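Peer 1: Have a look at this one before I ask anything.
What follows is calculated from the coordinates using simple rules that are stated; it is not laboratory data. Model, not experiment: these values are computed from the prediction. Positions of Cβ are backbone-derived with ideal geometry, glycine not excepted, and every protein chain shown enters the neighbour counts.
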Amino acid sequence: MSRIETTFQQLQAQGRKALIPYVTAGFPYPDITPELLHGMVKAGCDVIELGVPFSDPMADGPVIQKAGEKALSFGIGLRQVLEMVREFRQQDGNTPVVLMGYANPVERYELKHGADSFARDAAGAGVDGVLIVDYPPEECEQFAAQLKSHGLDLIFLLAPTSTDERMAQVGRIASGYVYYVSLKGVTGAGHLDTDAVEAMLPRIRQHVNTPVGVGFGIRDAATACAVGRSADAVVIGTKLIQLIENEPRERVAPVAAEFLGGIRQALDSLRA
């Protein structure tokens with residue numbers, strides 16, 4: 001059983017919802033990430049989504065694009081991201097870490113290090129799951145099998161425009177959890193319609209047996225709770241990036257922890 005599956009089972013048994021923050025690796029300081037991850041875990045986060053910087057992040061809004069550009073300017077690439085996870089694992093052997101990014105860095109890594117090297121090295125560093133935005137389910141069954149052979153979960157995005165056929169495709173391959181993008185457009189865009197999210201989740205669950213997390217548009221405790229009433233997990237990225245982007249180094253982890261601790265407390269008020 002993977003760390004992700006174990007975490008969701010434990011939360012379900014406790015009647016609690018998963019809190020999943022997203023941060024860009026190497027942002028806002030190149031050496032901050034392991035410290036930041038530990039701070040978020042202490043604040044009550046259950047799974048960490050760690051963004052792999054990429055120069056053409058088509059699904060990311062301006063806030064996360066800017067974070068990625070800054071990380072790239074520090075020389076942060078996939079190899080450095082894996083080292084950050086490895087360092088995090090020296091003190092935390094339990095919290096799942098999911099790499100979120102795009103196909104190009106993964107394919108470049110395999111061209112340099114050989115076939116299957118990404119799955120092998122990610123697992124060796126302590127990664128638990130992978131979400132590749134531009135890998136549709138019908139084109140990555142081989143990649144999914146590679147990940148599975150190394151004990152890694154492959155996580156997919158679903159959107160308001162996803163058809164039943166696409167949901168069924170995702171349901172056949174996905175493991176760990178599924179990430180429902182609650183808004184049309186890029187990260188940080190638009191107004192979250194929590195009623196529409198609540199109406200969509202039963203339809204997704206007809207096709208998907210894994211837990212369903214919801215992200216995009218969640219910016220505070222109120223929206224987190226509104227989504228948490230029906231979702232298994234709440235994902236917060238853009239607001240978190242905004243909060244830490246201009247902080248001095250010593251304040252980055254405390255600011256993130258304070259914000260996420262408030263979200264955790266609010267979500268726990270929903271406990272069944």
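Peer 1: Quick one: which residues, 5 or more positions from A18 or on another chain, have an amide H under 5 Å from its amide H? H modelled 1.01 Å from N in the peptide plane, none for Pro or chain starts.
Peer 2: A233, V234
Peer 1: Let's see if you can work this out: charge +1 on each Lys and Arg Cβ, -1 on each Asp and Glu Cβ, no other charges. What is the dipole magnitude of region 3-267 about its Cα centre, in debye to the nearest 20?
Peer 2: Details: 24 positive and 32 negative charges, 86 e Å.
Dipole size: approximately 420 debye.
Peer 1: For region 213-227, in order, what is each residue's ³J(HN,Hα) by Karplus, 6.51 cos²θ - 1.76 cosθ + 1.60 with θ = phi - 60°, in whole Hz (x at glycine and Pro)?
Peer 2: These are the phi-based 3J(HN,Hα) values: x, 10, x, 6, x, 8, 10, 7, 5, 5, 5, 4, 5, 4, 6 Hz.
Peer 1: Next up: Over the chain, what is the relative contact order in percent, taking alpha-carbon pairs closer than 8 angstrom and at least six residues apart? Spell out each step's value before the answer.
Peer 2: Values: 502 pairs, mean separation 65.3, N = 272.
Relative contact order comes out at 24 percent.
Peer 1: Based on the Cβ-Cβ distance of E198 and E245, what FRET efficiency does E = 1/(1 + (r/R0)^6) give at R0 = 35 Å, to the nearest 0.05? Intermediate values should be presented prior to the final figure.
Peer 2: Numbers: r = 31 Å, r/R0 = 0.90.
That pair, E198 with E245, gives E of 0.65.
Peer 1: Please build a GNM for the chain, connecting alpha carbons under 10 Å apart, and tell me which residue among K112, K42, K66 fluctuates the most.
Peer 2: Of K112, K42, K66, the Gaussian network model singles out K112 as fluctuating most.
Peer 1: Over the chain, with a Gaussian network built from C-alpha contacts below 10 Å, which listed residue (I236, I155, I132) shows the highest mean-square fluctuation?
Peer 2: I132
Peer 1: Along Cα→Cβ, 7 Å out, is where each label goes; now give me the distance between the ones at R79 and R271 in nm to one decimal.
Peer 2: The answer from the label model is 4.6 nm.
Peer 1: Short version: ³J(HN,Hα) in whole Hz for each residue of region 116-133, in order, from phi by Karplus 6.51 cos²θ - 1.76 cosθ + 1.60 (θ = phi - 60°), x for Gly and Pro, what are they?
Peer 2: 6, 5, 5, 4, 4, 6, 5, 4, x, 7, x, 6, 10, x, 9, 10, 9, 4
Peer 1: Work out the charge dipole of region 3-267 with +1 on the Cβ of Lys and Arg and -1 on the Cβ of Asp and Glu about the Cα centre, then indicate which of G114, F143, I263 is farthest towards its positive end.
Peer 2: Farthest towards the positive end: I263.
Peer 1: Quick one: length gained pulling K42 to T6 fully straight, 0.36 nm per residue minus the C-alpha distance?
Peer 2: Contour length minus Cα-Cα distance gives 11.1 nm.
Peer 1: While we're on this one: 7 Å from Cα along Cα→Cβ at both S55 and D31: what's the point-to-point distance in nm?
Peer 2: Roughly 2.7 nm, to one decimal.
Peer 1: Using θ = phi - 60° and the Karplus relation 6.51 cos²θ - 1.76 cosθ + 1.60, list the HN-Hα couplings for region 19-29 in order, rounded to whole Hz, with x at every Gly or Pro.
Peer 2: Whole-Hz 3J(HN,Hα) from phi for region 19-29: 9, 10, x, 10, 9, 7, 4, x, 10, x, 10.
Peer 1: Quick check: pseudo-label points 7 Å beyond the Cα along Cα→Cβ at N104 and R86, how many nm apart are they?
Peer 2: Reported label-point gap for N104 and R86 is 2.6 nm.
Peer 1: I'd like the FRET efficiency for E139 and A13, computed as 1/(1 + (r/R0)^6) with the beta carbon distance as r and R0 of 35 Å, rounded to 0.05. Walk me through the numbers on the way to the answer.
Peer 2: Details: r = 36 Å, r/R0 = 1.03.
Result of the calculation: an efficiency of 0.45.
Peer 1: Put +1 on the Cβ of every Lys and Arg and -1 on every Asp and Glu Cβ in region 1-152; which of Y29, V63, G77 then has its Cα farthest towards the positive end of the dipole?
Peer 2: Going by the charge dipole, the pick is Y29.
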